[in-house]
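Written below as structure tokens is the structure these notes are about.
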């Protein structure tokens, strides 16, 4: 089976071109191929498929085999792969995801290959039912206290097609992301679990983010998470609608348009390709 390893700001996935490959058990493959000791090593698996309504379709599986609705860093790499490998011919395309069909615009480097992609991440969901989350379905969750392991955090929750819980902290590098992130991911409030973003505010236009992704653990970046952080900053009055987000794997530029979608621009990098023999 042919595969390609790619990353967006360090959020790395194994990509399979399902225009030519047939995958019978994507959940099992995701677990095996994502293993960083016995597989290729990645945060998960992304399948690139044909679609009747969009230019291409993506399916995304976390490293634990669970399927997620969308991945902001992953979809940029899907667009790059599709253009660089001739699946699409134009720099503006549509990609079908578990969160609907999203438009993307690609930018090329001097060699003619795509190196940056802008994604319309869609309109954020702001209510408990959008995530989903326990409690009154129509209620927004903005600066709501959440107790975890004897500590109280004020959280803001946003859906970007997948659920996110944003927590602001004073020193994100020193924060115990793995411990607190895992506890929040599996908290009773979130029946489908939740992605958790820990954010340090630098100024009204700049933040630092660390991400605990459900089913994957801490990752170097999360595009849907960075989008949720943009929305949370506006909802809590901490940041402007346009921000620069510093993640461990690189920077993302984001803007929440007035009463509209979140626009995200960031890198897409092909690392290597190879052959994998599923067991």
Footprinting exposure proxy for 58, 106 (fewest neighbouring C-beta atoms within 10 Å first)
106, 58
Taking the range 82-192, the equivalent ellipsoid from its C-alpha gyration tensor has semi-axes in Å, biggest first, of 36, 19, 11
Percent of Cα-Cα pairs more than 16 Å apart in the range 11-65, please.
38 percent
Counting C-alpha atoms alone, how compact is the chain: give Rg to one decimal and Dmax as a whole number, in angstrom.
17.9, 54
Taking the DSSP beta bridges in the range 128-260 as the whole, what percent of them are antiparallel, to the nearest 5?
75 percent
Between the alpha-carbon centers of the range 195-259 and the range 1-42, tell me the distance in whole angstrom.
26 Å
Residue 179/residue 154 FRET efficiency (R0 25 Å; Cβ-Cβ; nearest 0.05):
0.85
Where does the chain land at 222 nm, in deg cm²/dmol rounded to the nearest 500, when only DSSP H runs of n ≥ 4 count, each adding -39500 (n - 2.57), divided by all residues?
-5000 deg cm²/dmol
Hull volume per residue for the range 221-279, using the convex hull of the C-alpha atoms, in Å³ is 126 Å³
Assuming a viscosity of 0.692 mPa s and a temperature of 37 °C, what translational diffusion coefficient in µm² per second does Stokes-Einstein assign to the range 128-260, Rh being the Kirkwood radius over Cα pairs?
226 µm²/s
Consider all pairwise Cα distances in the range 57-97 and report the whole-number % of them above 16 Å.
36 percent
Mind pulling the angle between the C-alpha long axis of helix 223-235 and the longest principal axis of the chain? Nearest 10 degrees, somewhere in 0 to 90.
30 degrees
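Throughout, read-outs are computed from the coordinates displayed, never taken from laboratory work. Computed from a predicted structure; not experimentally measured. Note: ideal-geometry Cβ built from the backbone for every residue, glycine included; neighbour counts use all protein chains shown.
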